[in-house]
Amino acid sequence: MSPAAVSLTTIVVIVALGAALGFLAGMHRKMDLEQWTVGNRGFGAVLMFLLMAGELYTTFSFLGASGWAYSRGGPTLYILAYQPLGYVVSFFILPRIWEIGRKYGMQTQSDFFAVRYGSKYLTAFVCIVGIVSFIPYLQLQITGLGIIVSIASFDGIGRTPAMIISVALVVAFVTASGIRAVAWVSVLKDALMLLAVLTVGIAIPFMYFGGIGPMFTALVRAHPAHLTMPGATANLGHTWFISTILLTSLSVYMWPHMFGTAFTAKSGDTLRRNAVVMPLYELSLVFVFFAGFAAVLIAPGLPDGDLALLTVVRRTFAPWFLGVIGAAGALTAMAPAAIFLLTAATLCVKNLYRPLLAPSITDDQVAKMARVMVVVLGVVSLLFAIYSSTTLVNLLLMGYAGVSQFFPGVVLGLYWKRVTMAGVFAGLIVGVATAMILMLDHRDPLFGWSAGFLALCLNFVVTVLVSLFEPSDVAVTRAWIS
């Protein structure tokens, strides 16, 4: 068999196994709305760990991190800092969110805003912002998947056909098995990803440079500024670095899918234990960086930094192992893409369509309509992925700038009785508008500061000031406390 055939066969077999796990996960279970969205709130510590790892460590971790290490250098290290800090935030807020979610039967992030602030219009706006922020994150997964399969198959499958096939598989098993499909696909995905990044991150520096230390020595000698700030960029300095870490660490669990995942846990203690052990998974990203930094010297001049890791792997390893890497990368895109589609579809139907246009429809009807919406959103995201050329990390940061604006409404809603619906609504509008204007006008960073972080600060100020000058929502607050 040719190298392309060997690699492609390996990818197809492993991806088919992952898809089969997704379909089997929901067998012999009645997939009503509660089961489909939050798994009947029965996930233990191990499954919870794998599910959250499957959602957090995505194509961005596999290709985007190595791509930025290759093309930007020092600024990439923000990735190592923000997720552990995000777990610290989750240790304090997720158990409380879980308790409230169980009490009120919440299934989505928008349910939290609906119960806490009692406004269907605020809930709808939160829903819209969440879905719009999802689009670049989902596009990131699909784009990365196309890159991975195309390169790993020696161009045996083009990017567009690879994206179409994979999105079809994801839509199918999400429709059939819901959140359980994501959890069980994540089991295979996490095992393969750890194998892939550890092997690549250790083997490449040793094969080309004799070790990780000598690889960094050679890199510093050839590109002395690459590992310092602002690295290979003109404006991503220390201010951007710190503000971006703060923005993203506060926002990790503001993503609607991460917020909603908290409702699947068996208990608040499960979430606390998860926050303690999750930083261990972060160590795998170090090896992704090693591969990206090594690629600077091994494959200079690539037109797209996101190609760095797989380009070096294709030059270095046997076709069958390239197929394993490609399959790991494909599942690393498919698992999070699945939860994104599930969450966005549920938000569209349950928190946008039902309260505003069809308040009388039942949960069973919501579940059926959400399955249809999975297909619609899958097609929309696929079209964005095919016709957009934005880098993977930039896509992620655009999404973070949007979802970070939920943080004041969530945290103040949990711990400050005086916060009002008007304050949260005003702050959210100002924050989202500021972030989008700055980013669309290419003013990110602004005077060295992350645009999303500046928008978040302004959001907090507006939320607090309007809440202080607005009469307190006494009835809503009393109901919440009780």
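The values are calculated or read from the model by the stated rules, or taken from the named source; none is laboratory data. As the structure is a computational prediction, the values presented were derived from the model and not from experiment. Ideal geometry is used to build each Cβ from the backbone, glycine not excepted, and the neighbour counts take in all protein chains shown. When the accessible area is computed, the model is the full protein with side chains, heavy atoms only, and any ligands, DNA or RNA have been set aside. Shrake-Rupley method; radii C 1.70, N 1.55, O 1.52, S 1.80 Å.
Identify all residues within the range 174-220 that are in a helix (DSSP H, G or I), touching a Phe, Trp or Tyr at 6+ places or on another chain (Cβ under 6 Å) and closer than 30 Å to Lys368 by Cβ; write none if there are none.
Ala176, Ala181
For residues in the range 266-303 being over 30 Å from Val220 (Cβ atoms) and over 19 Å from the mean Cα position of the chain (by Cα), which is surrounded by the most Cβ atoms within 10 Å (Cβ to Cβ)?
Thr270
Taking the residues in the range 172-191 that are aliphatic (A, V, I, L, M) and buried (at least 22 other Cβ atoms within 10 Å of the Cβ) as candidates, determine which candidate is nearest to Thr311 (Cα to Cα).
Checked the range 172-191; the qualifying residue nearest to Thr311 (Cα to Cα) is Leu188.
Does Gly213 fit the bill of being open to solvent by 10 Å² or more (accessible area, probe 1.4 Å) and at positive phi?
no
Counting only residues that are out of contact with any Ser or Thr (no Cβ under 6 Å at 6 or more places or on another chain) and over 30 Å from Pro300 (Cβ atoms), give me the helices (runs of 4 or more DSSP H) lying completely in the range 13-87 with at least 1 of them.
Result: 33-38, 45-56.
Among the residues of the range 314-347, which ones are assigned to a helix (DSSP H, G or I) and either among the aromatic types (Phe, Trp, Tyr) or surrounded by fewer than 24 Cβ atoms within 10 Å (Cβ to Cβ) (or both)?
Arg314, Arg315, Thr316, Pro319, Trp320, Phe321, Val324, Phe340
Restricting attention to the range 458-478, report how many residues are modelled with pLDDT of 75 or more and surrounded by 16 or more Cβ atoms within 10 Å (Cβ to Cβ).
8
Got at least one residue in the range 427-446 being more than 24 Å from the chain's Cα centre (by Cα), under 21 Å from Phe241 (Cβ atoms) and either in a helix (DSSP H, G or I) or at pLDDT below 90 (or both)?
yes
Going residue by residue through the range 367-381, is there one that turns out to be closer than 30 Å to Ala5 by Cα, among the small types (Gly, Ala, Ser) and touching a residue at least 12 places away in the same chain (Cβ under 8 Å)?
yes
Inside the range 20-49, can you point out the residues that are modelled with pLDDT under 80, under 27 Å from Ala168 (Cβ atoms), surrounded by fewer than 20 Cβ atoms within 10 Å (Cβ to Cβ) and not charged (D, E, K, R)?
Met27, His28, Met31
Among the residues of the range 221-234, are any at pLDDT 90 or above and part of a helix (DSSP H, G or I)?
Looking through the range 221-234, at least one residue is at pLDDT 90 or above and part of a helix (DSSP H, G or I).
From (1) more than 21 Å from the chain's Cα centre (by Cα); (2) open to solvent by less than 20 Å² (accessible area, probe 1.4 Å), pick out the condition that doesn't hold for Tyr104.
(2)
Can you pull out every residue in the range 350-378 that is more than 30 Å from Ile164 (Cβ to Cβ) and open to solvent by less than 20 Å² (accessible area, probe 1.4 Å)?
Ala358
In this structure, does Ala308 turn out to be within 24 Å of the chain's Cα centre (by Cα), open to solvent by less than 10 Å² (accessible area, probe 1.4 Å) and either of a type in the set (Gly, Ala, Ser) or over 20 Å from Ser284 (Cα atoms) (or both)?
yes
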